[in-house]
Amino acid sequence: MRTEARTDVGLTPATTGPIPASRYWVFGAITLGGLAFDLGTKQWVFDTLGCPGQAAWEWCIPDLVRFRLHTNFNHGALWGLGQGWTGLFALLSGVAVFAILFVLFARQQARSKWLTVALAFVTAGALGNLYDRTGLHGFLDDKGQVVYAVRDFLYFRFFETFDWAIFNFADSFLVTGAIMLVIHSLFSEQPATTAAALPATASAGSPPPA
């Protein structure tokens, strides 16, 4: 009974047979939908509020939580680490995407519904931040040069003392996929060769404002 329950939610992939066609559709829909949502929200917020240092929209519950749309360019990775290594992080993000495609479809791990969804979220997040790191957003700095940095805009402050890193929806997709991979590793009966060691640099939350 326990094995059946796990199989139903796709934690344990089938061991034989071709990859179901639905897996390709699910992976594509989540990846492309997530990517479009991430890039669309970034573009809307930056077009509305302007580049960092300009106006921001804020909502708060006094003494509990403060939420702000706060535009920021992050030239590093998670929490702003590795500033100036944008090229390396872009390369690692690209490698991660190819690794995911290989694991899911060449190694046929897409037989698992759970892995397919988890890695689709990771792919959407990695591609969203990769788009920014390659400067495709088109934003220019004061010198008229393309800004090779990730656009972040979601900022939370808790209890007026704890600042969370400024992030974007691509980061949220990456974290969602990572959590699903951890659950898979804990509860699946057949540990799959997933991209468990995907570069953390695919995530790009900025450090909170000073």
Open item on the list: If I filter the range 163-210 down to residues being at pLDDT 80 or above and in a strand (DSSP E or B), which single residue comes out as surrounded by the fewest Cβ atoms within 10 Å (Cβ to Cβ)?
Closed with: Asp163
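Would you list the strands (runs of 3 or more DSSP E) that sit entirely within the range 43-159 and hold 2 or more residues that are under 20 Å from Leu32 (Cα atoms)? Can you show your working first?
Working: elements: 57-61, 65-74, 150-158.
Output list reads 150-158.
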- [ ] Starting from the range 86-115, take each residue that is charged (D, E, K, R) and list its partners that are part of a helix (DSSP H, G or I), counting only C-beta distances under 9 angstrom and pairs at least six apart or across chains.
- [x] Arg111/Arg23; Lys113/Ser22; Lys113/Arg23; Lys113/Val26
Task: Given (1) among the aliphatic types (A, V, I, L, M); (2) in contact (Cβ under 8 Å) with a residue 60 or more places away in the chain; (3) closer than 24 Å to Phe46 by Cβ; (4) touching a strand residue (DSSP E or B) at 6+ places or on another chain (Cβ under 9 Å), number of the condition Leu64 does not satisfy - done: (3)
Open item on the list: Let me confirm something: among Thr31, Thr12, Thr7, which residue is among the polar types (S, T, N, Q), buried (at least 20 other Cβ atoms within 10 Å of the Cβ) and modelled with pLDDT under 95?
Closed with: Thr12
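Is it the case, given these coordinates, that Ala36 is surrounded by 11 or more Cβ atoms within 10 Å (Cβ to Cβ), at pLDDT 90 or above and more than 18 Å from Met180 (Cβ to Cβ)?
Values: surrounded by 11 or more Cβ atoms within 10 Å (Cβ to Cβ): yes; at pLDDT 90 or above: yes; more than 18 Å from Met180 (Cβ to Cβ): yes.
Considered against the rule, which asks whether it is surrounded by 11 or more Cβ atoms within 10 Å (Cβ to Cβ), at pLDDT 90 or above and more than 18 Å from Met180 (Cβ to Cβ), Ala36 comes out as yes.
Name the residue, out of Phe159, Phe98, Phe102, that is on the phi > 0 side of the Ramachandran plot and surrounded by fewer than 16 Cβ atoms within 10 Å (Cβ to Cβ). Walk me through how you get there before you give the answer.
Values: Phe98 fails: on the phi > 0 side of the Ramachandran plot; Phe102 fails: on the phi > 0 side of the Ramachandran plot.
Going through Phe159, Phe98, Phe102 in turn, the sole match is Phe159.
Considering only the range 137-147, how many residues are in contact with a strand residue (DSSP E or B) (Cβ under 9 Å, 6 or more places away or on another chain), at negative phi and of a type outside the set (Val, Ile, Thr)? It would help to see each step written out before you state the result.
So the first thing to find is which residues in the range 137-147 are in contact with a strand residue (DSSP E or B) (Cβ under 9 Å, 6 or more places away or on another chain), and the list is 137-141, 146-147.
Remaining after also requiring at negative phi: 137, 139-141, 146-147.
Applying the additional criterion that residues be of a type outside the set (Val, Ile, Thr) yields 137, 139-141.
Of the residues in the range 137-147, 4 are in contact with a strand residue (DSSP E or B) (Cβ under 9 Å, 6 or more places away or on another chain), at negative phi and of a type outside the set (Val, Ile, Thr).
The values are calculated or read from the model by the stated rules, or taken from the named source; none is laboratory data. Given the structure is predicted, the values throughout are model-derived calculations rather than measurements. Using ideal geometry, Cβ is built from the backbone for each residue, glycine included, and neighbour counts are taken over all protein chains shown.
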